[in-house]
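The values are calculated or read from the model by the stated rules, or taken from the named source; none is laboratory data. Everything quoted here is computed from the prediction, not taken from an experiment. Please note: Cβ atoms are built from the backbone with ideal geometry, for glycine as well, and neighbour counts cover all protein chains shown. Note: accessible area is taken over every heavy atom of the protein model, side chains too, but ligands, DNA and RNA are not part of it. Shrake-Rupley method; radii C 1.70, N 1.55, O 1.52, S 1.80 Å.
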Amino acid sequence: MKRSRRTSRIPESHPGLFDGLDSGADDFGMREIVAETVEKLRAREAAASADDIPAIDPRAVKRAERLMFVSFGSGSSGNCAYVGTRTAGVLLDAGVDSQVVLDRLRDNGLDFARCVRGIILTHDHADHVRYAYPLLRRYPDKRLWATPKTLSGILRRHNISRRIKDYHQPIYKEFEFEVAGLAITPFETSHDGTDNVGFSIRLGTETFVVATDMGYATERAMHYMSAATALMLESNYDARMLATGRYPQYLQARIRGDRGHMDNTDTARVLRQLWTPALHHVLLCHLSHDNNTPELATAASREALTAAGATVVEGTQASFARRPSQVQLTALPRFDQSPLFIF
């Protein structure tokens with residue numbers, strides 16, 4: 001009886017393997033034997049390659065850190081805030097009592113010595129710088145990021161130790177620098193301090209822009225604010241309250257000037273012009289104690305954002321369920337800390 005002829009598939013990765021095998025040899029099942037042997041070798045090689053790739057432990061995969069912000073005071077009595085993540089960040093200005101800052105950071109689970117890399121300064125007015133040196137002297141490993149002209153203004157305007165220069169790290173407008181994973185770019189603002197700046201602070205997909213103490217929004221300020229996903233913007237005074245209040249005319253003129261401060265109407269106009277659906281937080285800052293109220297400031301900004309197409313959610317909740325075109329609007333407290341915002 002004729003033996004049934006068995007066929008075998010030549011492995012695709014081994015062409016020409018049987019070129020030297022005569023046709024008669026197949027009657028003894030050699031092709032089948034060789035094919036099975038090759039398949040076993042390929043399986044062994046694949047297993048060995050897999051062993052070379054370390055298994056990923058899900059516990060070792062670190063979730064991307066989120067950008068956070070908390071203010072410790074915002075106004076002419078003192079300005080200071082923390083911007084960063086749970087593990088590292090910077091102080092934005094240093095015009096609030098040092099111990100208050102340390103305590104409020106601790107209340108939010110942030111340790112100054114471990115988390116804060118240093119201080120970035122918007123300008124040299126006392127309500128933004130008066131506690132910078134005490135903090136740096138207490139924690140000498142920290143840095144002070146300011147433009148060279150701003151540092152000169154601090155030394156010229158204030159009775160402060162010249163040793164503050166030992167902590168200074170120069171920065172320059174429109175030149176990005178990095179601190180603790182934050183990409184920070186200073187930009188030109190219009191105020192009567194020395195070499196005033198705002199900051200664009202980027203982490204991942206979030207861009208937090210600080211634009212405080214401005215007589216008006218410069219072209220470069222508008223450029224950076226238009227890219228913000230979260231914006232801290234000055235809304236200093238209500239024009240009617242200023243005009244009918246107790247401030248003398250020279251001081252009113254200074255506040256209204258192009259190098260003074262923005263009123264609620266100015267701020268509203270800026271927000272209406274630059275709002276996009278990417279902007280999910282607006283934090284109104286530096287409200288005047290004498291010439292403004294949180295209600296007046298938020299009302300003007302709410303009207304402008306609504307006119308631009310935003311759905312405005314007011315309040316101070318630290319986080320909220322975002323919806324398309326939704327923006328949370330908050331007036332930062334003048335003397336107290338804000339919630340810890342997580343963007």
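Do we have ARG254 as assigned to a helix (DSSP H, G or I), farther than 19 Å from GLN328 by Cβ and not acidic (Asp, Glu) here? Answer is yes for this residue.
Looking at GLY109, is it within 20 Å of the chain's Cα centre (by Cα) and crowded, with 23+ Cβ neighbours inside 10 Å? So GLY109 does not fit the description; no.
Could you please find all residues in region 169-179 being surrounded by fewer than 18 Cβ atoms within 10 Å (Cβ to Cβ) and out of contact with any Pro (no Cβ under 8 Å at 6 or more places or on another chain)?
Residues of region 169-179 surrounded by fewer than 18 Cβ atoms within 10 Å (Cβ to Cβ): 169-170, 172-178.
Hits for region 169-179 are GLN169, GLU176, PHE177, GLU178.
If you take the residues in region 173-203 that are free of Cβ contacts under 8 Å to residues at least 60 places away in the same chain and small (Gly, Ala, Ser), which one is farthest from ALA227 (Cα to Cα)? Top of the filtered list is ALA183.
Screening region 143-160 for residues that are open to solvent by less than 40 Å² (accessible area, probe 1.4 Å) and not in a strand (DSSP E or B) and picking the one that is nearest to PHE199 (Cα to Cα) gives THR147. The set of residues in region 265-315 that are under 23 Å from the mean Cα position of the chain (by Cα), in a loop (DSSP other than H, G, I, E, B) and surrounded by fewer than 17 Cβ atoms within 10 Å (Cβ to Cβ) comprises THR276, PRO277, ALA278, GLY315.
Of all residues in region 87-103, which are out of contact with any helix residue (DSSP H, G or I) (no Cβ under 8 Å at 6 or more places or on another chain) and either part of a loop (DSSP other than H, G, I, E, B) or not acidic (Asp, Glu) (or both)? Within region 87-103, VAL90, LEU92, VAL96, ASP97, GLN99, VAL100 meet the criteria.
Check GLY245, GLY260 and return the single one that is closer than 22 Å to ASN79 by Cα, surrounded by fewer than 23 Cβ atoms within 10 Å (Cβ to Cβ) and not polar (S, T, N, Q).
Working: GLY245 fails: closer than 22 Å to ASN79 by Cα.
After ruling out the rest, the residue left standing is GLY260.
Residues of region 196-242 that are open to solvent by 50 Å² or more (accessible area, probe 1.4 Å) and among the charged types (D, E, K, R): ARG202, GLU219, ARG220, ARG240.
Which one is surrounded by the fewest Cβ atoms within 10 Å (Cβ to Cβ) among residues in region 124-139 that are under 13 Å from LYS165 (Cβ atoms) and over 24 Å from the mean Cα position of the chain (by Cα)? In this case the residue turns out to be ARG137.
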